Structures are given as C-alpha cells and as structure tokens.
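One structure is given below, encoded as structure tokens.
The values are calculated or read from the model by the stated rules, or taken from the named source; none is laboratory data. Worth saying up front: this structure is predicted, and the values here are computed from it rather than measured. So basically every Cβ, Gly included, is an ideal-geometry build from the backbone, and we count neighbours across all protein chains shown. Remember, those area values only see protein heavy atoms, side chains included, never the ligands or the DNA or RNA. Shrake-Rupley method; radii C 1.70, N 1.55, O 1.52, S 1.80 Å.
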Amino acid sequence: MTTTVNEVMDKNYFTSKAEVKWCPGCGDYAIINSVKGAMVNRAKPRDEVAIVSGIGCSSRFPYYMETYGFHTIHGRAAAIASGLKVGKPDLDVWVISGDGDSTAIGGNHWIHAIRRNINLNYVLINNKIYGLTKGQYSPTSEMGQITKTTPYGVIDYPMNPLVTALGIGGTFVARSIDKDVKMGEEICTRGANHPGFSLMEMYSNCVIFNDGAHDKITGKDKADFTIHVQHGKKLIFGVENNLCLVQDGFRIKMAKVSDVAESAIIVHDETNLQLATLLADMAPSKGQPVALGVIYCDPAKKSYDFMVHEQVQQVIASKGEQPLDKLLRAGDTWTISTTLCNASGCKTV
Ligand SMILES: Cc1ncc(C[n+]2csc(CCOP(=O)(O)OP(=O)(O)O)c2C)c(N)n1
Ligand code: SF4
C-alpha cells in the first residue's frame with residue numbers, strides 16, 4: 001500500500017473497497033465522511049495513517065478506510081493505539097470507538113491515554129446506546145431512556161465524556177454531530193493537527209436502537225438548542241440569533257441579547273479551562289444549548305510520546321547507546337535452584 005505521486009488525495013483515496021455493513025441511515029456514514037475530509041486536509045499519505053478501533057458498530061471503521069487499520073478487542077483501542085504511537089511516532093494514529101467501547105469496558109484505558117496526552121486523534125462516536133449488541137444502555141444513555149436493558153427507563157447518572165476529559169488534563173476537546181459533516185470535518189482537522197490527545201465526540205443517530213436521540217439538536221429549532229463555539233467570537237445563538245451566554249458568578253447562564261449589555265456576552269476563549277468545562281457540561285435537559293465546535297485547546301502541553309523520545313535522546317546523549325543484553329543483566333541477579341527427590345535420593349538442579 002504505497003502512495004504514487006499521481007494519486008489525487010481526495011475522500012475516495014481513503015475509501016476501501018469493503019462493503020459497508022452499517023444499517024441504512026446510521027449516523028456513522030456521515031461521521032466517516034467527516035473523518036475522511038480531515039484526512040484529506042491533513043494530507044498524510046494513506047500509508048502514514050493507522051486507524052485503531054475496539055468493538056462495536058462504529059468500531060468497524062478501519063475496514064472501510066484504505067489506511068492501515070486494526071480492529072482490536074472491546075475497550076482496548078486506546079491501549080493498542082498508545083503503543084503504536086510511541087513505537088511509530090511519525091504515523092497519524094486515529095482511534096475510532098463507541099460510547100460503550102470507550103466509557104464502559106474501555107474507560108480505564110481511554111482515561112489514562114487522555115491523562116498522558118498521547119498524540120492520538122480519538123473519535124468517540126456517541127449514539128448513547130450499544131448498537132452492535134442490540135440496544136443495551138451505555139454510560140452516556142440519558143436518565144429515563146428506555147432501552148432493551150432498561151425497559152422502565154435508565155436510573156443511572158450519565159457520564160459526559162468531554163467534562164471527564166477536561167477534568168483529567170485533556171488538551172483538546174471538541175464536539176460535533178453526524179448531520180453536520182462540515183463541522184465534523186472542521187473539528188477532526190483541528191484535532192488531527194493538535195500535537196497531543198484530541199478528543200472529538202461525534203453524536204451519531206442509531207436508527208435501529210436509539211432513533212431520534214439527538215432530534216432536539218438536529219431538528220428545525222436546532223439553533224435554539226445548539227451553540228457553535230468559535231474562539232474569539234461572542235457566544236450568541238438561537239433561531240433568530242437572539243440568545244446569548246453570560247457570566248453568572250462561577251456559572252454561565254442564558255439570556256436574551258436584548259436584555260444584556262453587549263459587553264456582558266461571553267467571548268469564547270478555547271484556552272480557558274473553566275469556561276470550557278462549563279460549556280461542555282451544557283445540555284438541553286438542563287434547559288441549555290449543546291456546545292458544538294472546538295471547546296478547549298491547549299497545544300502547549302508536551303505529549304507523552306514526544307517526552308518518551310526526548311528522554312531516550314537525553315539518556316543516549318549522556319550514556320551513549322547501550323546493548324539491550326547489558327541492560328537485562330544489570331542489577332541484582334538470582335540463580336534459582338530446586339531439589340528433586342525420588343526413591344533413589346535427592347538432587348539439586
Ligand atoms: C469482552 C467483551 N465484552 C462484551 C462484548 C460485547 N460487545 C460488543 S460491542 C459492545 C458494545 C458496543 O457499543 P458501543 O461502543 O456504544 O458501539 P456501537 O455499536 O453503538 O457503535 C459490547 C458490549 C465483547 N465483544 N467483548
Ligand atoms: S445498529 Fe445502530 S449503530 Fe449499528 S449500524 Fe445499525 S444504526 Fe448504526
């Protein structure tokens with residue numbers, strides 16, 4: 001799979017010949033389109049790109065992309081991708097994972113990859129349900145949601161992946177939705193160019209097991225329930241651009257643009273962690289719009305993979321290259337012996 005100079009690097013360039021097995025209408029089709037767009041913008045040839053996934057409908061992603069790919073085991077994509085990125089730092093390593101795969105069985109690996117700030121492009125496809133295994137609720141399912149495993153409604157407080165990421169030192173946090181391919185492409189492009197862990201949460205509609213989960217933020221009044229946050233721009237939204245966000249002590253609250261001084265309207269600062277945490281936490285269930293776009297970005301923090309190689313170079317500079325055998329035999333060593341006995345006596349081996 002090598003790139004020839006004559007090939008045009010467009011979305012088709014990253015499309016494999018595999019038959020796509022997602023249900024017709026699944027939001028994942030739009031999301032793969034956004035990711036391909038970001039890869040075109042990133043302009044890395046396909047043999048310098050690897051996609052690692054866990055298990056789930058969304059995790060079938062690597063089959064559909066003409067890049068290197070690894071469909072791993074449930075919840076372990078972050079761990080495997082971390083090893084790959086440290087071993088092959090020049091590769092663009094993407095992780096594609098569902099909400100169940102990332103936040104339930106894979107929660108531990110996902111959290112520590114964020115905390116370490118490994119330079120992975122992590123697309124968390126959030127359909128708020130387990131799709132592949134036919135509709136069990138997940139850690140991101142809404143309180144009260146009826147699913148196959150919660151026939152009387154979810155009684156479990158949902159987790160917000162972006163707030164979690166910000167709370168553990170995440171350096172790039174963004175959100176988009178399947179229906180807006182352009183915004184998906186925009187946040188994935190920013191995320192791919194970010195020199196650390198980038199978390200792109202993409203809301204996806206599972207037409208079979210959770211159809212309409214995102215209707216409020218994709219329907220005709222969507223402008224009242226979403227706000228596209230852009231660095232340096234005032235946080236104004238609404239079908240008639242008549243709503244805004246203003247500071248309320250340590251919180252933010254919604255107001256009518258006509259009711260507040262222009263200077264009171266918050267200007268988005270994607271480097272402000274406190275503001276990002278408040279924005280990421282907003283939800284229609286709290287009477288607030290969902291924040292979409294790049295919510296937080298801190299490119300200054302060094303990535304784990306960068307620091308590993310930096311440390312290796314420092315040690316080589318001070319001690320010179322050492323043979324592995326010498327390292328293995330360094331320090332204390334033990335000889336293990338055991339005494340075997342039978343009818344004719346004992347011997348130590
Ligand atoms: C160790 C293990 N436990 C459970 C499963 C069953 N399983 C496969 S996918 C999945 C959940 C997938 O849900 P999600 O990550 O939200 O992805 P979606 O299918 O919705 O895209 C589960 C529980 C498994 N494959 N392996
Ligand atoms: S079950 Fe849901 S998530 Fe899975 S392919 Fe079908 S629509 Fe998509």
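Counting heavy atoms of the protein chains only and a 1.4 Å probe, report the per residue accessible area for the stretch 169-241 as a whole number of Å².
Values: 3060 Å² over 73 residues.
Value for the stretch 169-241: 42 Å² per residue.
What GluC sites (Glu not before Pro) in the stretch 192-295 are in a loop by DSSP, with at most 15 other Cβ atoms within 10 Å of the Cβ?
Glu240
Which helices, counted as full DSSP H runs in the chain, have an axial Cα extent of no less than 20 Å and a Kyte-Doolittle average of 0.0 or above? Each step should come with its number before you reach the end.
Details: long enough: 28-42 (21 Å, 0.10); 304-319 (22 Å, -0.19).
Correct list, ordered by number: 28-42.
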(Q) With every protein chain left in place and a probe of 1.4 Å, what is the accessible surface of Ile80, to the nearest 10 Å²? (A) 60 Å²
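Grab the beta carbon distance between Ala18 and Lys233, set R0 = 30 Å, and tell me the FRET efficiency rounded to 0.05. All intermediate terms of the calculation are to be shown ahead of the outcome.
On the way: r = 40 Å, r/R0 = 1.34.
Here the calculated transfer efficiency is 0.15.
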Q | Sparse-neighbourhood loop sites, GluC sites (Glu not before Pro) in the stretch 1-99 - DSSP loop, at most 10 other Cβ within 10 angstrom | A | Glu19
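Report the longest stretch of the chain that contains none of the chymotrypsin sites (Phe, Trp or Tyr not before Pro) sitting in a DSSP loop with at most 13 other Cβ atoms within 10 Å.
That would be 1-151.
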Q | Average Cα contact separation per residue, the chain, under 8 Å, 6 or more apart, as relative contact order % | A | 14 percent
**Q.** Residue among Ala223, Ala317, Ala50 with the largest mean-square fluctuation in a Gaussian network model of the chain, springs linking Cα atoms under 10 Å
**A.** Ala317
Q | the stretch 252-318, relative contact order [Cα under 8 Å, separation at least 6], % | A | 25 percent
Q: Select from Ser198, Ser263, Pro289 the residue farthest towards the positive end of the dipole of the chain; place +1 on Cβ of Lys and Arg, -1 on Cβ of Asp and Glu, and compute about the Cα centre.
A: Ser198
Q) How much solvent-accessible surface does His228 expose, in Å² to the nearest 10, with a 1.4 Å probe and all protein chains in place? A) 70 Å²
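Which entries in the list Lys256/Lys286; Lys36/Lys234; Lys11/Lys220; Lys148/Lys182; Lys44/Lys234 go over 27 Å, if you measure between the two C-alpha atoms of each?
Numbers: Lys256/Lys286 17 Å; Lys36/Lys234 30 Å; Lys11/Lys220 29 Å; Lys148/Lys182 33 Å; Lys44/Lys234 34 Å.
The pairs that break the limit, which is 27 Å between Cα atoms, are Lys36/Lys234; Lys11/Lys220; Lys148/Lys182; Lys44/Lys234.
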Q: Can you send over the carbon and sulfur percentage of the accessible area for the chain, probe radius 1.4 Å, protein chains only?
A: 55 percent
Q: Give, as a single signed number, the net charge of other residues whose beta carbon lies under 14 Å from the beta carbon of Gly83, with Lys and Arg counted +1 and Asp and Glu -1.
A: +3
Q: On a C-alpha basis, how far is the centre of the stretch 232-285 from the centre of the stretch 38-87 in Å? Whole number, if you could?
A: 36 Å
Q) Which whole-Hz couplings ³J(HN,Hα) result when phi for each residue of the stretch 165-173 is put into the Karplus expression 6.51 cos²θ - 1.76 cosθ + 1.60, θ = phi - 60°, listed in order with x for Gly and Pro? A) 4, 5, x, 10, x, x, 10, 8, 9
**Q.** Spin-label zone in the stretch 322-338 - amide nitrogen under 18 Å from a point set 7 Å from the Cα of Val349 along the C-beta vector
**A.** 335-338
**Q.** Theoretical FRET efficiency, 1/(1+(r/R0)^6), r = Cβ-Cβ of Asp156 and Ile105, R0 22 Å, to 0.05
**A.** 0.90
Q: Work out the length of the dipole vector of the chain about its Cα centre, built from +1 on the beta-carbon of each Lys and Arg and -1 on the beta-carbon of each Asp and Glu, and round it to the nearest 20 debye.
A: 600 debye
Q: Compare Ser337, Ser258, Ser303 in a GNM of the chain, Cα atoms joined below 10 Å, and give the one with the largest fluctuation.
A: Ser337
